[in-house]
Amino acid sequence: MSDTGRERFDELLDAYALGVLSEEERREFEEHLAARPELQAEVDELVAVAGLLALSPVEQEPSPELRRRLMRTVRAEGAVQEPARPLFDRLRGMFGYQALAAGAAAVAIIGLLSWNVLLQGEIQDLRDLRSQPAASDPRVLELQAAENAGAASGELIVLEGRRGVLVTKDMPRIAEDQVCQIWVIEGDKPRPSGLFEPDEENPVAAPMTRSPHKGDVVAVTVEPEGGSPEPTSDPMLTTQL
Amino acid sequence: MHEALKTLPSEQLNILELAYFSGYTHVEIAGLLGLPLGTVKGRMRLGLKKIKDYFDSRDMAVPG
């Protein structure tokens, strides 16, 4: 990459991670990144760091009680209960009611404080929210499983203006030196969009490091540990926006 | 995470939270706050770096 290219990349990197680039700047940045896939890991890490802001600020260590309270709040029909925690006030104020639950999926997996993955009941709550109208409804798309995917299923939760979350369950067991990789396929170009370890017992909510746009395909493949710049195996799960 | 954020000066923390949650672009944020864009970018960079350094120094992996 030329000096000015790298400079420009550095200039936009933090804003990209925080999601504050204009549409044009985002495209410019992603083009730079596509030409330099070795920078993807650096970008992914900064996106993950920025994603931790979803946990701010909390007065004490988040507990399972906190999550239960959140899910009770969003399950309540129509009624808005005032959560005690400033974190949820802030998120709800910014994103609206139903969007908060999808944010919780992202927060649960991003959770540095070792929150467990979402339990079945909470996944169901997210599905229930689809039927409720809201100002900023998160879109939930079912993923189609390929033959090699066994009983696997997944949902893509797209939160307007924010990166998506992919929730998968019953993924087939993968080897120790393998990882599941999420791809956003724009036209015919697959772009790495996050990694996750499947869990045989619990659904896994994985934040995406790249936002899918209308017409894009989102897919999951099994790749060697650390991920690949391009898919090296057939997709297990796919959906199209 | 709360501990990590306590290490940030308030102007960095405010910019990061505004950036992350508001849906505005960095140009709009600079306009809202009446700050030069360069200042906003600098604070975002320093703030993110501080959070990352917090975890690196404690040998904790940043999840993602």
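List of remarks:
- Scanning the stretch B:1-18 for residues that are facing chain A (nearest Cβ under 7 Å), over 19 Å from B:Arg58 (Cβ atoms) and at pLDDT below 85 turns up just one, B:Glu17.
- Among residues of the stretch A:209-236 that are under 20 Å from A:Val158 (Cα atoms), those with a beta-carbon under 6 Å from a residue that is charged (D, E, K, R) and at pLDDT below 85 at least six positions away or on a different chain give the pairs A:Ser211/A:Arg163.
- Per-region count, the stretch B:19-32, residues closer than 30 Å to B:Ser57 by Cβ and either more than 10 Å from chain A (Cβ to nearest Cβ) or of a type in the set (Phe, Trp, Tyr) (or both): 2
- Residues that are more than 8 Å from the chain's Cα centre (by Cα), part of a helix (DSSP H, G or I) and modelled with pLDDT of 90 or more, drawn from the stretch B:29-48: B:Leu37, B:Gly38, B:Thr39, B:Val40, B:Lys41, B:Gly42
- Residues of the stretch A:9-28 that turn out to be within 12 Å of another protein chain (Cβ to nearest Cβ) and in contact (Cβ under 8 Å) with a residue 12 or more places away in the chain, as a count: 8
The values are calculated or read from the model by the stated rules, or taken from the named source; none is laboratory data. What you see is a predicted model; the values in this text were computed from it and never measured. Positions of Cβ are backbone-derived with ideal geometry, glycine not excepted, and every protein chain shown enters the neighbour counts.
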